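Undergrad: Here it is, the structure, as structure tokens.
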Amino acid sequence: MKKVKKIESFTDFEKKVLRCVMSIPLGEVRSYKWIAKKIGKPKAFRAVGRALSKNPFPFFIPCHRVVKNSRDIGGYSLGRKLKQELLRFEKKIKESLEVK
């Protein structure tokens, strides 16, 4: 079993990234670049990706909702295939909850 890194050991930058990702609504995605701008570090989009790769709770801090600026899904600690499936599933949930 993979050892979970304690959030307390994360840098302030990494914590900001994780908090920002938690604000992405169900069924929606944002880019690494969007996250970087949102936390006040517009050129740090690669560092955002590195911070997300350390996410110890990928199902609770939804880093799968972060994609490349080109809309390519990018990487995911639990695999690209699972990332695609999670995004597809969340989109269906969101659509099923919409009031018509």
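Undergrad: Take the residues of segment 29-56 that are surrounded by fewer than 12 Cβ atoms within 10 Å (Cβ to Cβ) and among the charged types (D, E, K, R): which is nearest to TYR76 (Cα to Cα)?
TA: Selected residue: ARG46.
Undergrad: Further, regarding this structure: Can you pull out the helices (runs of 4 or more DSSP H) entirely within segment 11-100 that have at least 1 residues that are in contact (Cβ under 8 Å) with a residue 40 or more places away in the chain and of a type outside the set (A, V, I, L, M)?
TA: 12-21, 32-38, 80-97
Undergrad: Could you tell me how many of the residues in segment 1-27 are at pLDDT 95 or above, surrounded by fewer than 14 Cβ atoms within 10 Å (Cβ to Cβ) and of a type in the set (D, E, K, R)?
TA: Going through segment 1-27 one residue at a time, the tally reaches 2.
Undergrad: Out of ILE73, ILE39, I need the residue that is over 9 Å from the mean Cα position of the chain (by Cα) and modelled with pLDDT under 95. Which one?
TA: Of ILE73, ILE39, the one residue that is over 9 Å from the mean Cα position of the chain (by Cα) and modelled with pLDDT under 95 is ILE73.
The values are calculated or read from the model by the stated rules, or taken from the named source; none is laboratory data. Model, not experiment: these values are computed from the prediction. Neighbour counts run over all protein chains shown; Cβ positions are idealised from the backbone, glycine included.
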